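The values are calculated or read from the model by the stated rules, or taken from the named source; none is laboratory data. All of these numbers come straight from a predicted model, not from anything done at the bench. FYI the Cβ positions are ideal-geometry reconstructions off the backbone, even for glycines, and counts take in every protein chain you see.
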Amino acid sequence: MPALILLVFLGTGLDLLYKVESNLTPELTVKVIGFQWFWGYEYSDCWYWKFMKTPYYNWESHLKKANLVPQDLRLLVVDKSLLVPVNTPIRVLITSADVIHRWSLPKARVKVDAVPGRVNQTIINFQDTGRFYGICREICGAGHSQIPIVVDRVTQKEWLSLI
(Lines give C-alpha, C1' and ligand atoms only; values in the text may rest on other atoms or scores of the structure.)
Protein backbone atom coordinates (compact mmCIF):
# COMPACT_ATOMS: atom_id res chain seq x y z
CA MET A 1 0.00 0.00 0.00
CA PRO A 2 2.74 2.58 0.82
CA ALA A 3 4.47 1.81 -2.49
CA LEU A 4 1.21 2.43 -4.36
CA ILE A 5 0.77 5.79 -2.65
CA LEU A 6 4.33 6.76 -3.62
CA LEU A 7 3.71 5.76 -7.24
CA VAL A 8 0.57 7.93 -7.36
CA PHE A 9 2.53 10.90 -5.97
CA LEU A 10 5.35 10.26 -8.44
CA GLY A 11 2.98 10.11 -11.41
CA THR A 12 1.10 13.28 -10.54
CA GLY A 13 4.32 15.13 -9.68
CA LEU A 14 6.00 14.25 -12.96
CA ASP A 15 2.86 15.16 -14.90
CA LEU A 16 2.69 18.54 -13.18
CA LEU A 17 6.41 19.17 -13.78
CA TYR A 18 6.01 18.35 -17.47
CA LYS A 19 3.01 20.67 -17.83
CA VAL A 20 4.78 23.57 -16.12
CA GLU A 21 7.89 23.23 -18.29
CA SER A 22 6.02 22.77 -21.57
CA ASN A 23 3.51 25.61 -21.04
CA LEU A 24 6.04 28.39 -21.29
CA THR A 25 7.47 29.08 -24.71
CA PRO A 26 10.33 31.51 -24.17
CA GLU A 27 10.69 34.62 -26.31
CA LEU A 28 14.33 35.09 -25.35
CA THR A 29 17.17 32.72 -24.57
CA VAL A 30 20.09 33.82 -22.42
CA LYS A 31 23.15 31.60 -22.17
CA VAL A 32 25.15 32.02 -18.96
CA ILE A 33 28.73 30.71 -18.84
CA GLY A 34 30.64 30.55 -15.57
CA PHE A 35 34.36 31.30 -15.71
CA GLN A 36 36.87 31.26 -12.85
CA TRP A 37 36.46 34.95 -11.94
CA PHE A 38 33.54 36.25 -13.98
CA TRP A 39 30.29 35.36 -15.78
CA GLY A 40 29.77 35.39 -19.53
CA TYR A 41 26.36 36.11 -21.07
CA GLU A 42 24.97 35.63 -24.55
CA TYR A 43 21.58 36.52 -26.03
CA SER A 44 20.54 34.02 -28.66
CA ASP A 45 17.38 32.61 -30.24
CA CYS A 46 15.53 35.90 -29.83
CA TRP A 47 12.72 37.34 -31.93
CA TYR A 48 14.48 40.72 -31.83
CA TRP A 49 17.58 39.38 -33.59
CA LYS A 50 15.56 38.54 -36.70
CA PHE A 51 15.80 42.23 -37.57
CA MET A 52 19.50 42.53 -36.75
CA LYS A 53 22.56 41.60 -38.77
CA THR A 54 24.24 39.61 -35.97
CA PRO A 55 22.68 36.35 -34.74
CA TYR A 56 23.68 36.88 -31.10
CA TYR A 57 25.17 39.33 -28.66
CA ASN A 58 27.63 38.32 -25.95
CA TRP A 59 29.70 39.96 -23.22
CA GLU A 60 31.54 39.32 -19.96
CA SER A 61 30.47 40.63 -16.57
CA HIS A 62 33.39 41.42 -14.24
CA LEU A 63 33.47 42.65 -10.64
CA LYS A 64 33.72 46.44 -10.62
CA LYS A 65 36.66 47.42 -8.41
CA ALA A 66 37.29 51.01 -9.49
CA ASN A 67 35.12 54.08 -10.09
CA LEU A 68 32.55 53.06 -7.48
CA VAL A 69 29.87 55.56 -6.52
CA PRO A 70 28.40 55.78 -2.99
CA GLN A 71 25.22 53.83 -3.85
CA ASP A 72 27.19 50.86 -5.29
CA LEU A 73 27.24 47.73 -3.16
CA ARG A 74 30.85 46.68 -2.62
CA LEU A 75 31.65 43.21 -4.05
CA LEU A 76 28.19 43.03 -5.65
CA VAL A 77 28.43 45.56 -8.48
CA VAL A 78 29.61 44.60 -11.98
CA ASP A 79 30.81 46.52 -15.00
CA LYS A 80 28.04 45.18 -17.27
CA SER A 81 24.93 43.50 -15.88
CA LEU A 82 22.49 41.11 -17.50
CA LEU A 83 19.60 43.12 -18.90
CA VAL A 84 16.25 41.34 -19.29
CA PRO A 85 12.77 42.58 -20.22
CA VAL A 86 9.86 42.14 -17.82
CA ASN A 87 6.69 40.19 -18.68
CA THR A 88 8.70 38.03 -21.07
CA PRO A 89 9.37 34.31 -20.57
CA ILE A 90 13.15 33.88 -20.68
CA ARG A 91 14.98 30.57 -21.01
CA VAL A 92 18.29 30.66 -19.13
CA LEU A 93 20.85 28.06 -20.20
CA ILE A 94 23.65 27.73 -17.64
CA THR A 95 27.00 26.04 -18.10
CA SER A 96 30.61 26.44 -17.03
CA ALA A 97 33.92 26.66 -18.85
CA ASP A 98 36.20 25.43 -16.07
CA VAL A 99 34.84 24.32 -12.67
CA ILE A 100 31.44 23.94 -11.01
CA HIS A 101 29.74 27.27 -10.30
CA ARG A 102 26.25 28.14 -9.10
CA TRP A 103 24.27 30.97 -10.69
CA SER A 104 22.21 32.20 -7.76
CA LEU A 105 19.70 35.04 -7.40
CA PRO A 106 18.20 34.59 -3.92
CA LYS A 107 15.43 37.19 -4.21
CA ALA A 108 14.29 35.72 -7.54
CA ARG A 109 14.39 32.21 -6.04
CA VAL A 110 16.77 31.02 -8.76
CA LYS A 111 19.72 28.76 -8.00
CA VAL A 112 21.14 26.63 -10.82
CA ASP A 113 24.45 24.76 -11.00
CA ALA A 114 26.85 25.56 -13.82
CA VAL A 115 28.69 22.32 -14.58
CA PRO A 116 31.38 21.98 -17.27
CA GLY A 117 30.17 19.89 -20.19
CA ARG A 118 26.52 20.09 -19.13
CA VAL A 119 23.82 22.66 -19.84
CA ASN A 120 21.20 23.25 -17.15
CA GLN A 121 18.03 25.19 -17.92
CA THR A 122 15.53 27.29 -16.07
CA ILE A 123 12.75 29.62 -17.21
CA ILE A 124 12.27 33.01 -15.57
CA ASN A 125 9.55 35.60 -16.08
CA PHE A 126 9.90 38.78 -14.06
CA GLN A 127 6.80 40.89 -13.46
CA ASP A 128 8.32 44.15 -12.20
CA THR A 129 11.33 46.31 -12.96
CA GLY A 130 14.31 46.59 -10.66
CA ARG A 131 17.65 44.97 -9.90
CA PHE A 132 18.56 41.57 -8.48
CA TYR A 133 21.95 40.83 -6.93
CA GLY A 134 23.51 37.42 -6.54
CA ILE A 135 26.84 35.64 -6.25
CA CYS A 136 28.36 32.30 -7.11
CA ARG A 137 27.31 29.95 -4.30
CA GLU A 138 29.94 27.26 -4.95
CA ILE A 139 33.45 27.06 -3.57
CA CYS A 140 34.92 27.04 -7.05
CA GLY A 141 38.42 28.33 -6.38
CA ALA A 142 40.33 31.35 -5.17
CA GLY A 143 38.23 34.50 -5.40
CA HIS A 144 34.96 32.61 -5.86
CA SER A 145 33.13 34.99 -3.59
CA GLN A 146 34.03 37.80 -5.96
CA ILE A 147 31.93 36.53 -8.86
CA PRO A 148 28.83 38.72 -8.52
CA ILE A 149 25.65 38.46 -10.57
CA VAL A 150 23.54 41.51 -11.37
CA VAL A 151 20.27 41.24 -13.31
CA ASP A 152 18.54 44.46 -14.32
CA ARG A 153 14.85 44.11 -15.15
CA VAL A 154 13.52 46.80 -17.49
CA THR A 155 10.46 47.31 -19.65
CA GLN A 156 10.48 45.81 -23.14
CA LYS A 157 10.70 49.27 -24.71
CA GLU A 158 13.75 50.16 -22.59
CA TRP A 159 15.31 46.80 -23.32
CA LEU A 160 15.02 47.27 -27.07
CA SER A 161 16.53 50.75 -26.86
CA LEU A 162 19.44 49.66 -24.64
CA ILE A 163 20.42 46.53 -26.55
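In the condition set (1) crowded, with 17+ Cβ neighbours inside 10 Å; (2) more than 22 Å from Thr25 (Cα to Cα); (3) within 15 Å of the chain's Cα centre (by Cα); (4) not basic (Lys, Arg), Pro106 is compliant with all but (1).
Within the stretch 46-72, the residues that satisfy the criterion of being modelled with pLDDT under 80, surrounded by 14 or more Cβ atoms within 10 Å (Cβ to Cβ) and among the hydroxyl-bearing types (Ser, Thr, Tyr) are Tyr48, Tyr57.
If you filter the stretch 35-45 down to residues that are buried (at least 18 other Cβ atoms within 10 Å of the Cβ) and hydroxyl-bearing (Ser, Thr, Tyr), you find that the one that is modelled with the lowest pLDDT is Tyr43. Can you tell me how many residues within the stretch 9-34 are more than 14 Å from the chain's Cα centre (by Cα) and either on the phi > 0 side of the Ramachandran plot or at pLDDT 80 or above (or both)? Residues meeting the conditions: 9. Out of the residues in the stretch 120-162 meeting the condition of being part of a loop (DSSP other than H, G, I, E, B), β-branched (Val, Ile, Thr) and in contact (Cβ under 8 Å) with a residue 12 or more places away in the chain, tell me which one is surrounded by the most Cβ atoms within 10 Å (Cβ to Cβ). Applying the filter and picking the extreme gives Ile147.
Scanning the stretch 88-103 for residues that are in a loop (DSSP other than H, G, I, E, B) and charged (D, E, K, R) yields one hit, Asp98.
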